[in-house]
Every structure is written in C-alpha cells, then in structure tokens.
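What follows is calculated from the coordinates using simple rules that are stated; it is not laboratory data. All of these numbers come straight from a predicted model, not from anything done at the bench. Backbone-built Cβ (ideal geometry, glycine too); neighbour counts: all protein chains shown.
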Amino acid sequence: MAPATPSRKPLMAGNWKMNGSHLEAIALVQKLAFGLKEADYEAVDVAVLPPFTAIRSVQTSVDADRLQLLYGAQDVSQHASGAYTGEVSGAMLAKLGCSFVTVGHSERRQYHSEDDATVNAKARAAIANEIVPIVCVGEGLEVRKAGGQVAHCLAQVDGALEKITAEQARTLVIAYEPVWAIGTGEVATPQDAQEVCGAVRTRLAELYDGGVADQVRILYGGSVKGANIAGIMAQADVDGALVGGASLDPGEFVKICRYRDLPV
Ligand SMILES: O=C[C@H](O)COP(=O)(O)O
C-alpha cells in the first residue's frame, strides 16, 4: 500500500529494531490495530518496521484485517540480486508490500560501517522498487558539543541524495536522529530538533526547489515517547517521529500517534 502523503501528513514510524519473533510481531500488530481508530489514521500515517523475519507475518495480519497500518523494513541491499549472502533486496521487500525502509540508521553506520555512498546506493535501491526510503541522519555527541550538528547532518543529506532526481526526492522521508539521544533517555529539545530539521528543509530547497522541500517529510527520532512528542511535533519542520523503544509498547505508541491530545 502506498503511503498517503499529501501536504506533509505526519508520519509516526515504529522501528522495532532487533526485537521480537514473528509471533510477537503479530500480537503487537493486533494490539496496535485495537488501539488505533479511523480518526488516528486520518490524522497521521502510522507505520511499523519489524525485523525481516516478521515482515511476512505483519503483511498477512494487515491484509487479513484490512488494516490501514503501513509497514516496512529496517534495511535493504544496495544490490538488485545475486551472490550477496544474508542480504535482502528491494524487490523482495516490495513483494512483501513494504512501503518504507530505513537507510543510514546510525546503528548501521556505526556497527556495519555504512558510509554516505552506501546509504545513497540503498536509498536508490529502495526508490527503484517504489519503496520510500527513510534516510536517517544525525550527529554524535562530540559533534554536538562542538556545535557542528547542522553541517554534519547536511553533509549526510547531500551524500544520501546524490543522483536522486527532484521527482524521486518528493516522496522521501528524512529522519533526524541525534545519536546521543537514541535509546539513552536523553531527548533533544524541541528547539534542537527544529534547528536541524529546518536546516534540512532549507537544504532540500537548495538541492532541488521549494516544492520538493515543502513535500518531504522530516521526522525526529531519539527517545521519543508520549511525554515529549507533543512539544517536538509543535515545531514547524518536524513532520513526525521515528520511534524506537517506545514503539514496542502498543499503548505508548498509540499515545504518540495521538500527540494532538497531549499537552505541549
Ligand atoms: O529508529 C529509532 C531511533 O533509533 C530512536 O530509538 P529510541 O526511540 O529507542 O531512542
């Protein structure tokens, strides 16, 4: 199912990371389906990003119950097919109905040495299969302490978007995830999130045009939960969240999707 994205409909994407069996994934989807109402889906796109082993089960649950829940993967091979042991291609993910795939997550950059060229190749592999890449950028603590967060993230954006056309860029999602705020309980302030997300949008206008910049959804990620989402979503250039730990708790994730009801 293609995500509905007219005029930057907010997107809440739950990155489950390496958690849960396919059976636990089904249970989690069922709980989310029970918690999320029609009005929620009208207000926001909601997506889950299970581990590869659970995507087929999520697809079956979504199809069987005709859920409006979108789903995707956490990684994609830069190659189309062939002798790449352990890798999963964009075509395979497309066949499973994936709408999204994260590329360039800091955990892939850090633990699998993925550089901007690899992130770019993966983003293009996703696009070639009509899957929307969620391109992740973000600075580590040292860069943040030195005040280099904007330059660092913009360089990652430039690298990730090489050879991606304006037409392709329109549907992109970019996620700003300061590495020091991932899974640490340290949340960037709403102003920190806006500073980088706003700079990314300006860069999109420079790389492409204002129309593209207006359409691309820019998410914040890093220790997002019900208690802080409303303030983050109040920022002009934040269009949603990439949620890790809190997305494994269906009650908390539903609360995040209903950020409009929460105090800023
Ligand atoms: O992809 C999600 C991010 O890495 C954030 O994870 P977190 O919400 O557990 O901090």
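What FRET efficiency comes out for Ala151 versus Ala227 if R0 is 30 angstrom and r is the Cβ-Cβ distance? Round to the nearest 0.05.
Values: r = 31 Å, r/R0 = 1.02.
Working from the Cβ atoms, E equals 0.45.
The value given for the chain is a Kirkwood hydrodynamic radius of 18.1 Å, derived from the mean inverse Cα-Cα separation. The fewest-to-most ranking of Thr53, Thr85, Thr202, Thr171 by surrounding Cβ atoms within 10 Å reads Thr85, Thr53, Thr202, Thr171. When the scattering of the stretch 60-182 is computed by the Debye formula from its Cα atoms alone, each counted once and equally, what is log10 I(q)/I(0) at q = 0.09, 0.14, 0.15, 0.21 Å⁻¹? Log10 I(q)/I(0), no solvent term: -0.27, -0.62, -0.70, -1.17. With the simple model of a label 7 Å out from the Cα in the direction of the Cβ, Thr202 to Ala83 spans 4.9 nm.
Please give the length that would be gained between Glu167 and Thr189 if that part of the chain were fully extended, namely 0.36 nm times their separation in residues minus their C-alpha to C-alpha distance (nm, one decimal).
Fully extending the segment from Glu167 to Thr189 adds 4.7 nm.
Which percent, nearest 5, of DSSP beta bridges in the chain are antiparallel? The answer is about 0 percent antiparallel.
Would you mind calculating the gained length between Ala27 and Thr60 on full extension (0.36 nm times residue separation, minus the Cα-Cα distance), in nm to one decimal?
Values: separation 33, 0.36 × 33 = 11.88 nm, distance 1.24 nm.
Residue separation times 0.36 nm, minus the Cα-Cα distance, leaves 10.6 nm.
By the equivalent-ellipsoid construction on the alpha carbon gyration tensor, the stretch 36-119 comes out with semi-axes of 27, 16, 10 Å, ordered largest to smallest.
Find, among the trypsin sites (Lys or Arg not before Pro) in the stretch 131-223, those assigned to loop by DSSP (not H, G, I, E, B) with at most 12 other beta-carbon atoms within 10 angstrom. Sites meeting the loop and neighbour criteria: Lys163.
Using a Förster distance of 30 angstrom, determine the FRET efficiency expected from the C-beta separation of Tyr41 and Leu141, and round it to 0.05. Numbers along the way, then the final one.
Details: r = 37 Å, r/R0 = 1.23.
According to the calculation, E is roughly 0.25.
Backbone amide hydrogens, once placed in the peptide plane, bring Asn19 within less than 5 Å of nothing, excluding anything fewer than 5 places away on its chain.
Of Lys225/Lys255; Lys37/Lys255; Lys9/Lys122, which ones are farther than 19 Å apart at the Cα? List each step's numbers first, then the result.
Numbers: Lys225/Lys255 8 Å; Lys37/Lys255 12 Å; Lys9/Lys122 24 Å.
Pairs exceeding the cut-off: Lys9/Lys122.
Scaled to the globular estimate 2.2 N^0.38 Å, the Cα spread of the stretch 152-264, given as radius of gyration, is 1.08.
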